[in-house]
Amino acid sequence: MTGNFCSTANMTTATRRQILRGVAVAAVGLPVARATTAHAAQGVPPAPTLSAAGGRGGIDRATIDRWARDTWASLVAMVVPATGLPADNISGPLTSPTRSGYTSPTNIGGYMWSTVVARELAIISDRECRRRLTQTLTTMLGLKHHVPSGMFYNWYDEATGAVITVWPQDGSRIYPFLSSVDNGWFAASLMVVRNAEPAVGDLANELLSTMNFGMYYDKNARPGIAAGLLHGGFYDAKPAVGYTVGNYLHNGPDVYYTLNHYDIHVTEPRIASYIGIAHGQVPPAHYFATQRVFPDTCDWDWLKEKPVGQHRTYYGIDVFEGAYTYSGMHIVPSWGGDMFEALMPDLFVPEASWAPRSWGVNHALTVRAQREFGLDDARYGYWGFSPASRPGGRPTSPGGEYTAWGVEAIGMSPGGYVSDMEGTVYDPGFGTCRVGSAPNPKWGNGVVTPHAAFLAMQYEPVQAYDNLVKIERELKAYGKGGFYDAVAVKSGVIARRYLSLDQAMVLGSIGNVFCDNVIRRNFIRGEVEARIKPLIGVEQFGAGVIS
């Protein structure tokens, strides 16, 4: 038996379930869904070919199915029935969860693409999928938002849909903010939903058609460069501090832009860049205005390490194709060295196949570096590092003590996205410009985050699966809603809560690897493939294995 484990357009829910039941009890040799000829023509790579056999060297499909069902159960528990909006996070039993009291466009988008995956896996029926999506989209159409740009605020009350102006945990004031990256994830989900479930396409398009990412574009962000950058976001009412007034679209009243721009290439805001370029709202050259690494001169020695590389020109822009060096590899770093920044946009855009000389090299090496760091360098015994909850943290504190975990050696941040509870810092120095303060640190109580291993599954499927099995069986970081958010490997302390974003990354990864790239193939239809594939395909990173 070969072919897809998940649905096609003409497959009934009963048929899907029959296939999935057959898969779950298969003995050996059953391949995971391969891209069909039509999908290959769209430029979506085939999912890795895996064994369905249990045990060493294989992946047990029944285990994947169980993980997906339990993860979906946690997302269902997050959703308020009256609004169809998910909480940012929950703790406590799934039957009576403690919801966070706030949600974001990213969380809402993650719930919607997870609903599509749940249908593809026959966890829910076609009818339930349509019902859930219709309810959420209808609620979103009624929420307060910035009408001239079509953008949504960063925080809403999931129970009422009201914009949050007072933080529910501590009563502090919130200035309603409209984030470019959070709206990027929401728009990405709309693009998936409208193609994956045509019955709700009109609702999704009604929201998407008003979203203009040109609102965030600042053509003057890099003087002397032929293209600009995206602002982090804007306020539509004057905040207390930290803003610049502007309105680049001359559409509606002035807004208050953040002073920061997204100027790093390997980071999650590129999803907003992709969408803005695909929709003709941001010029294509903007893709090359973000920096792969910052310059290698001593003026930049405050960064983590000195890069190596060479300059190349694209769209009239000089690009320093630099990389960091780690464990026999040259890797274009993210800001924090985490899996989320590097790989979450890859859930939607098949970057590795569309850009084999850049992302095709870098994504695989990023995963390898995370694995080798966890197993060989820090010797944690487990791997997968990405922003998540802090084990032992107070879930009711602002952000629930959300912490930026990462592999510092492949991150640019001078402060570092640490990998252990002790906050151990890695600082190799900046060549001859600055002597490193900690080139050979001793790592402590490492923190692994399961969603990071799921993101890695596209590139190292068996290794990621084996790692997750160990996290479940040995560290016991698993509950009725799937993997808990994070676990400290030496102390065994678990962050016993579920984050909607992290659970959505889990289901999105399963959907791509085991359901014929369901997220990617629905996202890239039309303008995305036509405009983004040739744009990113011309580049060559400075990444590679050191010979």
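The values are calculated or read from the model by the stated rules, or taken from the named source; none is laboratory data. Remember, it's a predicted structure, so these values are computed and weren't measured experimentally. Backbone-built Cβ (ideal geometry, glycine too); neighbour counts: all protein chains shown. Accessible surface areas use protein heavy atoms only, side chains included; no ligands, DNA or RNA. Shrake-Rupley method; radii C 1.70, N 1.55, O 1.52, S 1.80 Å.
Summary of values
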| item | result |
| --- | --- |
| Subset of region 280-318 (residues that are assigned to a loop (DSSP other than H, G, I, E, B), open to solvent by less than 10 Å² (accessible area, probe 1.4 Å) and either aliphatic (A, V, I, L, M) or closer than 23 Å to Glu529 by Cα (or both)) | Val282, Ala289, Arg292, Val293, Leu303 |
| Subset of region 463-497 (residues that are of a type in the set (Val, Ile, Thr), open to solvent by 10 Å² or more (accessible area, probe 1.4 Å) and touching a Leu at 6+ places or on another chain (Cβ under 9 Å)) | Val489, Ile494 |
| Some residue of region 159-167 being modelled with pLDDT of 95 or more, in a loop (DSSP other than H, G, I, E, B) and in contact with a Pro (Cβ under 8 Å, 6 or more places away or on another chain) | yes |
| Residues being part of a strand (DSSP E or B) and open to solvent by less than 10 Å² (accessible area, probe 1.4 Å) - total across region 191-239 | 5 |
| Answer residue from region 153-190, given it is β-branched (Val, Ile, Thr) and touching a residue at least 60 places away in the same chain (Cβ under 8 Å) and is surrounded by the most Cβ atoms within 10 Å (Cβ to Cβ) among those | Val181 |
| Candidates Val435, Val447, Val418, filtered to the one that is under 15 Å from Pro387 (Cβ atoms) and assigned to a strand (DSSP E or B) | Val447 |
| Residues that are outside any helix (DSSP H, G or I) and of a type in the set (Phe, Trp, Tyr), drawn from region 518-547 | Phe541 |
| Count of residues meeting criterion [of a type outside the set (Ser, Thr, Tyr), in a helix (DSSP H, G or I) and open to solvent by less than 30 Å² (accessible area, probe 1.4 Å)] in region 341-371 | 17 |
| Hey, Glu527 open to solvent by 20 Å² or more (accessible area, probe 1.4 Å) and out of contact with any helix residue (DSSP H, G or I) (no Cβ under 7 Å at 6 or more places or on another chain) or not | no |
| Scan of region 53-72 for residues that are of a type in the set (A, V, I, L, M, F, W, C) and surrounded by 18 or more Cβ atoms within 10 Å (Cβ to Cβ), ordered by number | Ile59, Ile64, Trp67, Ala68, Trp72 |
| Count - residues of region 256-279 that are over 21 Å from Phe340 (Cβ atoms) and open to solvent by 10 Å² or more (accessible area, probe 1.4 Å) | 3 |
| Any pair with Cβ under 7 angstrom, 6 or more apart, that starts in region 411-435 at a residue that is farther than 17 Å from Val448 by Cα and ends at one that is assigned to a strand (DSSP E or B) and open to solvent by 50 Å² or more (accessible area, probe 1.4 Å) | Asp427/Ser437; Gly429/Val435 |
| Selection count, region 113-152, where residues are open to solvent by 10 Å² or more (accessible area, probe 1.4 Å), assigned to a helix (DSSP H, G or I) and either touching a His at 6+ places or on another chain (Cβ under 9 Å) or not acidic (Asp, Glu) (or both) | 11 |
